[in-house]
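The values are calculated or read from the model by the stated rules, or taken from the named source; none is laboratory data. All values reported here derive from a predicted model rather than from experimental measurement. Don't worry about glycine lacking a Cβ; one is built from the backbone with ideal geometry, like all the others, and counts go over all protein chains shown. What goes into the accessible areas is simple: the full protein's heavy atoms, side chains included, and nothing from ligands, DNA or RNA. Shrake-Rupley method; radii C 1.70, N 1.55, O 1.52, S 1.80 Å.
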Amino acid sequence: MTPPVIHADSLSKRYRRGALQQTTLLRDHLSRALKSPLSVFRRPKHETFWALKDVSLDVREGEVLGLIGRNGAGKTTLLKILSRITRPTQGWAEIHGRVGSLLEVGTGFHPELTGRENTFLSGAILGMSRSEIARKFDEIVAFAELEKFIDTPVKHYSSGMYVRLAFAVAAHLEPEILLVDEVLAVGDINFQKKCLGKMGDVARAGRTVVLISHSMAAINALCSRCIILDKGSVEFDGSTGEATARYYAESLDATDGADLSTRPRKGNGKARFTSISVQPLDSAGRPLDIAYPGCDLSIDVELNCTSDFAPANLAIIFYDSAGYRVIDTNTAQKGEFVSLQAGQTAKANFLLHEVLLRPGKYLVGLWLGRQIMEVIDHIEHAATLDLIEGEESSQYAIVFPGVYLCRFEQNISVIQPSLSEGARL
């Protein structure tokens, strides 16, 4: 068996919780000493926590390893240590080969420089030589689809153009070991597919890859082995299929209940989803105790606005146990958008007709935003749906994979802070 190209032994990283002391000027120390003489002899107390604790792993040449876990599990900390950005508090790691890190797209971009100049600047920061960047320049620009704007300052780029160029530069590194942290979810859907294909090419070229992603579809498509991290420790290390199934099972257990205040989420917080309810219905609109393939689903969502935001799209997304989107419905499909002011509450009802999904467990996600320009609130695992196979579902046994846009109706109302009745948007 070939020796590992990455070997980590008992890696641990401890951080101090809370803000660091703001000043170390002599006059401030003297002032505190005069106010409280005994404070000079007291050692300051700082609360610490372990972001990573006793993590050991081996990664062999040509292996594609996935790292999954909840936010704060220690995934990024581990990659930063392996990238030599952060020193471990305890333990050590050996890496054999040239390392490339895709930890944050857009590193080194300057808004006043053109796309061409930023390509050379960012490539140099990522470890590419000038001749290597020049050799790949046309390929990078073609991948980003920015031929017409490459000599325009990036401050005039849209957010989508910016991240496309940033990822294109990072994706054309040619290291022996590639460390990737959640950079596949950039750009629009078509560009995300291109990113996933590029990472697949890297994996098939025999290079060693360590990938962090919250997309179980990407993990299943790319990784041959997967590690689940939880609270800084390795919870599971094994096959990708078993790891993603286990991770989803834990996520399903964690999403019981309608209250969304404590759920992991992303977004700028201008509005926040507060509750969700999923009710199966029969063809006559009567409530059912269980959901079966082909039944209707009534989904009620409530969100509170803390800061005014421009008209945004509200989406409800269903994921299967492998992490693939199987239903994606949103207000833009009906030509409507949600626009709220601070203090208002919105209630949305989606009625999905004849949901043709296989029996099994599904996760329901919520998203509010404006394409890639702004994510206001995003909860990937907001609710759980169990579809039970029965006599009524026999005619829906065959379901083709892919995003299924079911027929649906929507009704959105907004409640003013001082009013009890809402007005239809």
| What is the percent of Cα-Cα separations in the range 107-234 that go past 26 Å? | 24 percent
| field | trypsin sites (Lys or Arg not before Pro) within the range 73-152, DSSP loop, no more than 15 other Cβ atoms inside 10 Å | value | Arg84, Arg98
| query | What FRET efficiency would be calculated for the residue pair Glu336, Glu250, taking the C-beta separation as r and a Förster radius of 56 Å, to the nearest 0.05? | reply | 0.95
| Residue by residue through the range 173-178, which ³J(HN,Hα) values in whole Hz follow from phi under the Karplus form 6.51 cos²θ - 1.76 cosθ + 1.60 (θ = phi - 60°), with glycine and proline marked x? | 5, 10, x, 7, 10, 10
| Gain in span if fully extended, Ile125 to Asn71, counting 0.36 nm per residue against the direct Cα distance | 16.7 nm
| What accessible area per residue comes out for the range 77-154, rounded to a whole number of Å², with a 1.4 Å probe? | 54 Å²
| query | Residue by residue through the range 50-59, which ³J(HN,Hα) values in whole Hz follow from phi under the Karplus form 6.51 cos²θ - 1.76 cosθ + 1.60 (θ = phi - 60°), with glycine and proline marked x? | reply | 9, 6, 9, 9, 6, 9, 10, 7, 10, 10
| Quick one: net charge of Tyr362's neighbours, Cβ under 12 Å, K/R +1, D/E -1? | +1
| Residue separation times 0.36 nm, minus the C-alpha to C-alpha distance between Ser158 and Asp58: what's the value? | 31.9 nm
| request: Could you give the size of the charge dipole of the range 233-362 about its Cα centre, using +1 on the Cβ of each K and R and -1 on the Cβ of each D and E, expressed in debye and rounded to the nearest 20? | output: 400 debye
| query | Once the Cβ-Cβ distance between Trp92 and Leu34 is put in as r, and R0 is 51 Å, what FRET efficiency do you end up with, to the nearest 0.05? | reply | 0.65
| Amide N of the range 275-297 lying under 13 Å from the label point, which is placed 7 angstrom from the Cα of Asp386 along Cα→Cβ | 289-292
| For Ser12, what is the net charge nearby, where nearby means another residue's Cβ is under 13 Å from its Cβ and Lys, Arg count +1, Asp, Glu -1? | +3
| Calculated FRET efficiency for the pair Glu409/Ser283, C-beta based, R₀ 22 Å, to 0.05 | 0.95
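May I ask you to give the percent of accessible area on the range 159-318 that is carbon plus sulfur, with a probe radius of 1.4 Å?
Of all accessible area on the range 159-318, carbon and sulfur atoms account for 50 percent.
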| Roughly to the nearest percent, how much of the accessible area of the range 63-149 is carbon and sulfur, given a 1.4 Å probe? | 50 percent
| note | Farthest towards the positive end of the dipole of the range 258-326, among Ala322, Ser298, Gly267 and with Cβ unit charges of +1 on Lys and Arg and -1 on Asp and Glu, lies the Cα of Gly267
| query | Is the shape of the range 282-371 rounded, prolate or oblate, going by the alpha carbon gyration tensor and its root eigenvalues a ≥ b ≥ c, with a/c under 1.5 for rounded and a/b larger than b/c for prolate? | reply | prolate
